[in-house]
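Let me begin by presenting the structure, written as structure tokens, before commenting on it.
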Amino acid sequence: MKLNANASLLSLNTLALDAHCLWLAEVEQVADLGSLRADPQLGSLPRLTLGGGSNVLFTADFLGLVILNRLKGIEMQDGGDHWLLHVAAGEDWHQLVCHALQQGWHGLENLALIPGTVGAAPVQNIGAYGVELATFCDYVDAFNWQSGEMERIAADQCRFGYRDSIFKHEYQDTHLITAVGLRLPKAWQPVAGYGPLAALGESPTARAIFDTVCATRMAKLPDPAVLGNAGSFFKNPVVPAELAQRLKLQYPQMPSYPAGDGEAKLAAGWLIDQCGLKGFAIGRAAVHQEQALVLVNLGGASAMELIALAAHVRDSVEQKFGVVLEHEVRFMGAQGETWLDEVLA
């Protein structure tokens, strides 16, 4: 385990914000977590786990311990009608998707090029093009900071929802994800009814889905290595179906998808685009020119510039459509997670 004091987080978050933490621990084996817990100085500090740093906005220096999850390893068992994968949390998500495709383990191809690590995937219940992690998750292994023990949490106990899970709520401060178990069916069925995948026909191959998803994401989303960003900044809002119908009458071209329980899902990027915000900037923070759902750091942007921009986007959409956007990116303050309204207060 590598341990550094007063460490910079600039290279560890894809928004490229210049923040620091009191301590930075690079964890490469589960035993390191027990050592951190037992340390009298580090054990009492606020904790934040980082994988790829692709979904976090540091609103201030973090006055605690940042843990870089670098646990590695992919194991596979033949489960009869499923491939059973046990994947360490520090593995890169997209590289896992590539590896699974090469091995003929299909199902994850819709989730290609989602940034971040495997350990971050259950937290957000990552999803794209009609597929969510919850579709294939069997269990999540996690270290319990309170007991010092490892726990296996079955998928039906993870409370997966739209970009949501128990790891964003009760388990946010008490559990660190160490591995994820996945069940990939051998009798694979393509999911290709969403967006550009519909043009692939009724029976596309997993490779065709993967290639289309990659091409679409690369065309729409800026490379964080070139232009600081955290991918989709806002969640696609889920609204009452009645509201969606009223808006559809006013805006016939508005994308809308059934979400069950009398609700509909709208496309946040389309709503932002209709407000004329592509390219809009506050200081060095801007709405991306090509994809309105992405807020970018043009170089040297401050956290407050990004926060002000996020507030302007949210308020503009609410004023025009009566729909309140919720940020998907996690806001991290000095002591832990915070929210846009709390930062603005």
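The values are calculated or read from the model by the stated rules, or taken from the named source; none is laboratory data. A quick note: this is a predicted structure, and the numbers were derived from the prediction, not measured. Cβ atoms come from the backbone with ideal geometry, glycine included; neighbour counts cover every protein chain shown. Just the protein is used for accessible areas: all its heavy atoms, side chains included, with ligands, DNA and RNA removed. Shrake-Rupley method; radii C 1.70, N 1.55, O 1.52, S 1.80 Å.
Tabulated data
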{"read-out": "Any hit, segment 183-206, residues being part of a loop (DSSP other than H, G, I, E, B) and basic (Lys, Arg)", "value": "yes"}
{"read-out": "Enumeration of residues in segment 154-171 that are touching a helix residue (DSSP H, G or I) at 6+ places or on another chain (Cβ under 8 Å) and either assigned to a helix (DSSP H, G or I) or modelled with pLDDT of 95 or more (or both)", "value": "ALA155, GLN157, CYS158, ARG159, PHE160, SER165, ILE166, PHE167, LYS168"}
{"read-out": "When residues of segment 74-119 are limited to those that are assigned to a strand (DSSP E or B), touching a Gly at 6+ places or on another chain (Cβ under 8 Å) and open to solvent by 20 Å² or more (accessible area, probe 1.4 Å), the one nearest to THR216 (Cα to Cα)", "value": "ASP92"}
{"read-out": "Any chance THR49 is closer than 30 Å to MET304 by Cβ, touching a residue at least 24 places away in the same chain (Cβ under 8 Å), among the β-branched types (Val, Ile, Thr) and open to solvent by 10 Å² or more (accessible area, probe 1.4 Å)", "value": "yes"}
{"read-out": "Elements of type strands (runs of 3 or more DSSP E) contained in segment 226-296, each with 2 or more residues being open to solvent by 10 Å² or more (accessible area, probe 1.4 Å)", "value": "228-232, 238-240, 256-260, 263-266"}
{"read-out": "Hey, PRO122 open to solvent by 40 Å² or more (accessible area, probe 1.4 Å), out of contact with any Asp or Glu (no Cβ under 8 Å at 6 or more places or on another chain) and outside any strand (DSSP E or B) or not", "value": "no"}
{"read-out": "Residue in segment 9-29 that is surrounded by 16 or more Cβ atoms within 10 Å (Cβ to Cβ), assigned to a strand (DSSP E or B), modelled with pLDDT of 95 or more and touching an Asp or Glu at 6+ places or on another chain (Cβ under 6 Å) present", "value": "yes"}
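Yes or no, residue by residue, for (1) touching a Ser or Thr at 6+ places or on another chain (Cβ under 7 Å); (2) β-branched (Val, Ile, Thr):
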{"residue": "LYS220", "(1), (2)": "no, no"}
{"residue": "GLY231", "(1), (2)": "yes, no"}
{"residue": "LYS235", "(1), (2)": "no, no"}
{"residue": "VAL239", "(1), (2)": "no, yes"}
{"residue": "ALA244", "(1), (2)": "yes, no"}
{"residue": "LYS248", "(1), (2)": "yes, no"}
{"residue": "PRO255", "(1), (2)": "no, no"}
{"residue": "GLU263", "(1), (2)": "no, no"}
